[in-house]
1. For Phe51, list long-range residues whose amide hydrogen, built 1.01 Å from N in the peptide plane, is under 5 Å from its own amide hydrogen.
2. Find the Rg to Rh ratio for the stretch 45-172, where Rh is the Kirkwood radius over alpha-carbon pairs and Rg uses the same atoms.
3. Using amide H atoms built in the peptide plane, which far-off residues or other-chain residues are under 5 Å from Tyr46 H to H?
4. Mind telling me which of Thr248, Thr272, Thr232 comes out most flexible in a GNM of the chain, alpha-carbon contacts under 10 Å?
5. Have a look at Leu274, Met224, Ile253 and report the one farthest towards the positive end of the charge dipole of the stretch 219-313, computed about the Cα centre with Cβ charges (Lys/Arg +1, Asp/Glu -1).
6. What number in nm² do you get for the stretch 193-323 if you take the convex hull of its Cα atoms and divide its surface by four?
7. What shape does the stretch 65-119 have by the C-alpha gyration tensor, where a ≥ b ≥ c are the square roots of the eigenvalues, rounded means a/c under 1.5, and otherwise prolate means a/b greater than b/c and oblate the rest?
8. Averaged across orientations, what area in nm² does the convex hull of the alpha carbons in the stretch 239-285 project?
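Quick note: the coordinates plus some simple rules give every number you see, no bench work behind them. Because the structure is a prediction, the values reported are computed rather than measured. All Cβ positions, even for glycine, are placed from backbone atoms using ideal geometry, and neighbour counts span all protein chains on display.
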Amino acid sequence: MRYIDFHIDTLMKWVSDKESKELASNIDLWTNNYHVDIERLIKSKYAAQFFACFICLGEDPIFKQNHYDDAIKSIDIFHKQLTKNPEKIAFAGSYQDYLNNMNNNKLSAFLTVEEGGIIDGKIDRIDELFSKGVRAITLTWNYENCIGYPNTEYKYKDNGLKPFGIEVVEKMDDLGVIIDVSHLSDAGFYDVHKHSKRPFLATHSNSRTVCDHSRNLTDEMVKMLANKGGMTGINFAGSFLQEDGPSTIDAMIKHMRHLVNIGGLEVVGLGTDLDGIGGELEINSAEKIHMLSEAMEKSGFTTTEIEAICYKNAEAFFKRFWS
Ligand SMILES: [Zn+2]
């Protein structure tokens, strides 16, 4: 089985060395003790991994006030790490890149930004981020920003995109940067659906019907996402999988079943959020991802369905989005 994962936060580890409160710029993406490293992705036969450059706009002492500069540093680290072994992994910025990498037996590495607020009202920064390889932007994290509002505890549920946010959506559409609505307010989701001409992603969100959490999608949203040719990635965070429950494979499968029933097979993918989540995780390493496809098989998913959810739906999304 191959796998495509829309969201991990491993790249964030370079700024999260809480002990020293220093930038841990020596982060090793190849081999480390976190949830994900490139060696394990290759061992588990991943076809593609989205690496999120996460930036916190809040009071976190690790993140300096220069959010945009921190993001650029993070992006530079990402590219430098890929060059360590260009035979095994390569940047992907399009469907064609993905196919070329696949044909050359290389893992595709996509680059994303989690926190659109880093552009700080400057639309040209999206061009710059694109030129540096960014191919998806999570419009908000858990703070209000220049684009819109987060869905943290439904506080801003009915607040849509700001006028600048609509400009951002149009710019991302023009350039071919995927809009990621995970973390976004409900009204923001509807605005993206209304204003974007392209399919979009919720890179790491589950079903709100199965687990009532503001970070998850309602059935209506899942249908709207599917109608646009978009997808949502199953998030492994315990609190998004089951209320008061740990992160179990059984719960992941419940979400998959429901999402397929509501939005169709094509709407479901993976967005593990590994290295961005804590707590008790049944799958706490990219090395264990096979446990998910094996459990899907045991629970009655057909091979076609398992392949679709694990990677073929994402492949088809790349094709729809970039060609
Ligand atoms: Zn997130």
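1. Phe110, Leu111, Thr112
2. Rounded to two decimals, Rg over Rh is 1.02.
3. Under 5 Å from the amide H of Tyr46 lie the amide H atoms of Tyr3, each far enough along the sequence or on another chain.
4. The residue that fluctuates most here is Thr248.
5. Met224
6. Details: hull surface 31.2 nm².
Here the figure is 7.8 nm², rounded to one decimal.
7. Judged from the Cα gyration tensor, the stretch 65-119 comes out oblate (a/c at least 1.5, b/c at or above a/b).
8. 3.4
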